[in-house]
Each structure stands twice: as C-alpha cells, then as structure tokens.
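The values are calculated or read from the model by the stated rules, or taken from the named source; none is laboratory data. As the structure is a computational prediction, the values presented were derived from the model and not from experiment. Note that each Cβ is placed from the backbone with ideal geometry, even for glycine, and that neighbours are counted across all protein chains shown. When the accessible area is computed, the model is the full protein with side chains, heavy atoms only, and any ligands, DNA or RNA have been set aside. Shrake-Rupley method; radii C 1.70, N 1.55, O 1.52, S 1.80 Å.
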Amino acid sequence: MLTVAAFLLVLSACSIISEDESSWGTIKNEGVLKVATSGTLYPTSYHDDNDGLTGYEVEIVREMASRLDLDVEFVEMGFDGMLPSVENGTVDMASNDITITEDRKDKFAYSLPIKYSYGGAIVRKEDLSGIQTLEDLKGKRAAGAASSIYMNLAEEYDAEAVYYDNATNDVYLRDVDNNQTDVILNDYYLQTLALKAFPQFDIVLHPDLFYLPNDQAVIMKKGNEELIKQVNEALQSMLEDGTVTELSKQFFDGADVSQKPDINFEEE
C-alpha cells in the first residue's frame, strides 16, 4: 500500500509538471503568444494614424516575444474581459496598464513591474468639478472602465460610477467637458498625455490630487511557472539594457515610468 501511495504521488507530481510544461511547450510549438489588450488606451495600447496597433506595453510585449523567438497575436477587448480571458486560457497573458493588487495576486501571476505610477484626476478647469480631496468624490459622477482599481476607489468614496465599454480617450474627456460626468480617476501619466492629445476640451489634471501609488505588469495565469520564468527573464534583460526606459521615453513624452516616482500622496 505504501508503495502504491508513493507511486500515485509521483504520478500526481509528474502530471502537474507536465501540465505546466505543456502550456509553455504549446506556446513554443505554435510559435505564437496570445495577448489581450485594449487598443484604445493611449499611449499604452492604441492604433496609430495608419491604424496599426502600438503603444508602450504593446511594444514591450513585441520585444519580449522576439527575445523568446515568438510571434504575438494581440486580442483586443475591453478591460473587464481581460482577466477572465487569462483565467480561462483564451489568451496566454494580458498587457494593458494592469495594476498589481493583492486581490488579483490570489488568482493571477504577475511579471516584473514595467511601470510605476499613481492616480490623478481629470476635472473641469473652471471649478475643478468641486473636488479638492478624495472625500469630495461623494455624489460626483466618475467615469471609467468596470473593475478597474480607479473605479473601485471612486465607489469606495461614494461616487456615482459611469461605466464605459472600451471607449477611447476623447469620449471620456468630452463627457467631463460637457458636464455628462464630473471626474476621471486614472493613471497620472496616461491622463497627462490624453490631455495633451485633446487640447480642445476645457478640462485639467487636478493640481493637488495624487493618490494610490501602484505598479503595472504583464498578467498571466497562476501555475504557468515556465511561462512566468521565461517572460521575467526576457523583461529583466530589457530592463537591464535600457530597452524599457527607451520605450517609456518614446511613449510618455520623455518620462521614465520604469522608475518609482518621488511624490507625497494623499492618504486613502
């Protein structure tokens, strides 16, 4: 009986290893990495003037895949569909300015951080939408994508959530400008560039409201250890040789988002 039990344990361990290796093995055999992204989040993942998909994380993933001798198949979708697609195996990973959180760590694995950031707030220029602190979000109409950390924060402060399904930046910004919504809580760097891209709107980045320091990374299914290892080795080499910094400066108007910011944040 002891011999049989030991044999079954060995088989069980082998099955776990085989499943993990076959996941990475399948990717290598097919030569394609399937990656969820939005295609609407400038400058992380968006379409250029020739309708080609590009952006900070899109190009990071392309270079990472190249170093792994893989092609990339980007699957464009709304943010709320990305994590379920990783979980059910529709895609191998997701890359779309996805923040590392303790809740998500329970279900998913993260790569090395490729961006360090914090939250900002886009408001109307004339009165800052009546918002001075996070407490002032109560009753305000906050625009964003379902399940994002910023919309979760807005709801914690009793804002009225107005959800958008993979909308482009101009849609979000126009609605604040014309009083359809009051505020957009989102990544500071993304908001800075969005405002620069659409100067026609009478809106600004709140001058005093900085909060929620956070890290972004590529997200993968938990348990795919060989895939995680390969991705991290490729990203580590890109961080060390300056490739990530170079891409950051290209897409973030000279800013190096691979370095942690030195900011005094509002406490939640």
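Scan segment 48-60 and give yes if some residue there is at pLDDT 95 or above, touching a His at 6+ places or on another chain (Cβ under 8 Å) and part of a loop (DSSP other than H, G, I, E, B), otherwise no.
Within segment 48-60 (the criterion being at pLDDT 95 or above, touching a His at 6+ places or on another chain (Cβ under 8 Å) and part of a loop (DSSP other than H, G, I, E, B)), the answer is no, since none of the residues qualifies.
Here is a list: Thr192, Thr181. Which entry is among the polar types (S, T, N, Q), modelled with pLDDT under 95 and either open to solvent by 50 Å² or more (accessible area, probe 1.4 Å) or farther than 16 Å from Asp97 by Cβ (or both)?
After applying the criteria, what remains is Thr192.
Could you list, in sequence order, all residues of segment 58-96 that are open to solvent by less than 20 Å² (accessible area, probe 1.4 Å) and in contact with a strand residue (DSSP E or B) (Cβ under 6 Å, 6 or more places away or on another chain)? Spell out the reasoning first.
Within segment 58-96, the first condition is being open to solvent by less than 20 Å² (accessible area, probe 1.4 Å), and the residues that meet it are 58, 60-61, 64-65, 68, 70, 78, 82, 85-86, 91, 93-96.
Val58, Val61, Ala65, Leu70, Met82, Ser85, Val86, Val91, Met93, Ala94, Ser95, Asn96 - these are the residues of segment 58-96 that are open to solvent by less than 20 Å² (accessible area, probe 1.4 Å) and in contact with a strand residue (DSSP E or B) (Cβ under 6 Å, 6 or more places away or on another chain).
Return the pair list, or none, for Cβ contacts closer than 8 Å from residues in segment 206-226 that are crowded, with 18+ Cβ neighbours inside 10 Å to residues that are at pLDDT below 95 and of a type in the set (Lys, Arg), at least 6 apart or on different chains.
Ile219/Arg104
How do the pairs read when you match residues in segment 23-51 that are among the basic types (Lys, Arg) with residues anywhere that are part of a loop (DSSP other than H, G, I, E, B) and open to solvent by less than 10 Å² (accessible area, probe 1.4 Å), using Cβ under 7 Å and keeping only pairs 6 or more apart or on different chains?
Lys34/Val91
So which pairs qualify, if the first residue must be in segment 63-86 and at pLDDT 95 or above, the second must be of a type in the set (Asp, Glu) and part of a loop (DSSP other than H, G, I, E, B), the Cβ gap must be under 9 Å, and the two must be at least 6 apart or on different chains?
These pairs meet every condition: Val86/Asp92.
Is it true that Leu227 is of a type outside the set (Val, Ile, Thr), in contact with a strand residue (DSSP E or B) (Cβ under 9 Å, 6 or more places away or on another chain), modelled with pLDDT of 95 or more and assigned to a helix (DSSP H, G or I)? If you could, list the steps in order and put the result at the bottom.
Numbers: of a type outside the set (Val, Ile, Thr): yes; in contact with a strand residue (DSSP E or B) (Cβ under 9 Å, 6 or more places away or on another chain): yes; modelled with pLDDT of 95 or more: yes; assigned to a helix (DSSP H, G or I): yes.
Yes.
Give me the pairs, please: first residue somewhere in segment 241-253 and over 18 Å from Ser111 (Cβ atoms) and in contact (Cβ under 8 Å) with a residue 24 or more places away in the chain, second residue anywhere and open to solvent by 100 Å² or more (accessible area, probe 1.4 Å) and assigned to a helix (DSSP H, G or I), beta-carbon distance under 8 Å, and either six or more positions apart or on two chains.
Here the result reads Asp253/Lys196, each pair linking segment 241-253 to a residue that is open to solvent by 100 Å² or more (accessible area, probe 1.4 Å) and assigned to a helix (DSSP H, G or I).
Quickly run through segment 235-268 and pick out the residues that are aliphatic (A, V, I, L, M), surrounded by fewer than 20 Cβ atoms within 10 Å (Cβ to Cβ) and part of a helix (DSSP H, G or I). Write out each step before concluding.
Residues of segment 235-268 that are aliphatic (A, V, I, L, M), as a first pass: 235, 238-239, 244, 247, 255, 257, 263.
Subset that is surrounded by fewer than 20 Cβ atoms within 10 Å (Cβ to Cβ): 239, 255, 263.
Scanning segment 235-268 gives a single hit, Leu239.
Only one residue in Tyr163, Tyr172 is without any contact (Cβ under 8 Å) to a residue 60 or more places away in the chain, surrounded by fewer than 21 Cβ atoms within 10 Å (Cβ to Cβ) and under 20 Å from the mean Cα position of the chain (by Cα), so which one is that?
Tyr163
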